[in-house]
Amino acid sequence: MQVDDTPTQERLQARFDRMVADEVRIEPRDWMPEGYRRTLIRQIAQHAHSEIIGMQPEGNWITRAPSLRRKAILMAKVQDEAGHGLYLYSAAETLGVDREELLDLLHSGKQKYSSIFNYPTLTWADMGAIGWLVDGAAIMNQVPLCRCSYGPYGRAMVRICKEESFHQRQGFEILHTLSHGTPAQKAMAQDAVDRFWWPSLMMFGPPDSASTHSERSMAWGIKRFSNDELRQRFVDMTVPQAEALGLTLPDPDLRWDEESGHYAFGEIDWSELDRVIRGDGPCNAQRIERRRTAHEEGAWVRESAAAYARKHAATSSAAGETAA
Ligand code: BYC
């Protein structure tokens, strides 16, 4: 008599729960609850979209960087961001979605990307502020993601974080040079920090009390810390760095709080984050428009690559038949 040993839904769920509790990585071949899969697709896709949209504010400055050395460094950084997008789209594809499908969702405004990339880059100092603050916030948020319970995402994050840490230092170095330059250069650095400080704090997402996904994502081992915890760590890390730069952070309420052992900071304007997420930030329309155009103009590259892959596959299978 044949025994039906097909695992039941409960057994699969119990095995999944045990793996998460024991910190055993979930891999694409493993059974996973549909909610876990959907949450990962949402977060990884938003992350991938942020990387490729994030190329725009900096890409604007490649031709205007003040020296050949600065151009080469900025170009390498923007290329790294394209690479991060590729690792992340590939990680999302292991969950059964298609990159084209995700790009359609981005272009139609159905999937989000980080609010921070909807702010304009007005001066060269903004490249410093983005590197120092935006990449600094990204590292704070992303280092814990290296331990994400889903293997392909966690592994992609390891390499991304190494590169982000280089990006953060190059931003700090740009600001350090400016803040030790002429009074006009120092003022330019201060202005960039003034404009990017609050939007950088918003990168960590809404306050915990308004975060719809945090609790579930933390229980699944996707997120390791809450939005507010990471935001606080970022403030604690950044204040001494601002002092080292000789720049001030635009918050009159910022002060060391002996009792909590953390820096206390002022109220964030959450209505601004809501507005920017809803599409009403200073550059939302421009960013999406440029992305759609780049996608259309790049169609011939994708078609050529697909034609080449088909030809290559046909040649190798013919060679395989001959050899057999
Ligand atoms: N901007 O429940 P919550 C980079 C959305 S790339 C826009 O707390 P969750 C870099 C959120 O998606 C930076 N949307 O969500 C690149 C959710 O909406 P839905 C990107 C935001 O997922 C190039 C809703 O608000 N980093 O650094 O638990 C150059 C409720 O929020 C934002 C990543 O993507 C925001 N700021 O937590 C330089 C890292 N915040 O989906 C640098 C991975 C929240 O329900 N992502 N929302 O419609 C994460 O860690 C998490 O997704 C977040 C949000 C912490 C961002």
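The values are calculated or read from the model by the stated rules, or taken from the named source; none is laboratory data. The model shown is predicted, which means the values in this text are computed figures rather than measured ones. Glycine gets a Cβ as well: all are built from the backbone with ideal geometry, and neighbour counts include every protein chain shown.
Pairs linking a residue in the range 185-196 that is part of a helix (DSSP H, G or I) and surrounded by fewer than 20 Cβ atoms within 10 Å (Cβ to Cβ) to a residue that is at pLDDT 95 or above and charged (D, E, K, R), with Cβ atoms under 6 Å and 6 or more positions apart or on different chains, do not occur. The residue list S226, S217, S200 contains one member that is touching a Lys or Arg at 6+ places or on another chain (Cβ under 6 Å), within 16 Å of the ligand (Cβ to nearest atom) and touching a residue at least 12 places away in the same chain (Cβ under 8 Å), which is S217. The residue that is surrounded by the most Cβ atoms within 10 Å (Cβ to Cβ), among those in the range 269-295 that are within 13 Å of the ligand (Cβ to nearest atom) and without any contact (Cβ under 8 Å) to a residue 24 or more places away in the chain, is R275. Scanning the range 110-161 for residues that are away from the ligand (no atom under 12 Å from the Cβ), free of Cβ contacts under 8 Å to residues at least 24 places away in the same chain and not in a helix (DSSP H, G or I) yields nothing.
Could you say whether any residue in the range 232-245 is under 18 Å from the mean Cα position of the chain (by Cα), assigned to a helix (DSSP H, G or I) and within 11 Å of the ligand (Cβ to nearest atom)? Explain how you work it out, then say what you get.
Within the range 232-245, the first condition is being under 18 Å from the mean Cα position of the chain (by Cα), and the residues that meet it are 233-234.
Pick out the ones that are also assigned to a helix (DSSP H, G or I) and you get 233-234.
Applying the additional criterion that residues be within 11 Å of the ligand (Cβ to nearest atom) yields none.
Scanning the range 232-245, I find no residue that is under 18 Å from the mean Cα position of the chain (by Cα), assigned to a helix (DSSP H, G or I) and within 11 Å of the ligand (Cβ to nearest atom), so the answer is no.
When each of E259, E267, E289 is tested for being more than 24 Å from G128 (Cα to Cα), of a type outside the set (G, A, S), assigned to a helix (DSSP H, G or I) and at pLDDT 95 or above, the lone residue that passes is E289.
Among the residues making up the range 158-184, a single one is under 19 Å from L249 (Cβ atoms) and aromatic (F, W, Y): F172.
Of all residues in the range 48-73, which are within 10 Å of the ligand (Cβ to nearest atom) and either touching a residue at least 60 places away in the same chain (Cβ under 8 Å) or touching an Asp or Glu at 6+ places or on another chain (Cβ under 6 Å) (or both)? Break it down stepwise before answering.
Taking the range 48-73 first, the residues within 10 Å of the ligand (Cβ to nearest atom) are 48-58.
Within the range 48-73, H49, S50, E51, I52, I53, G54, M55, Q56, P57, E58 qualify.
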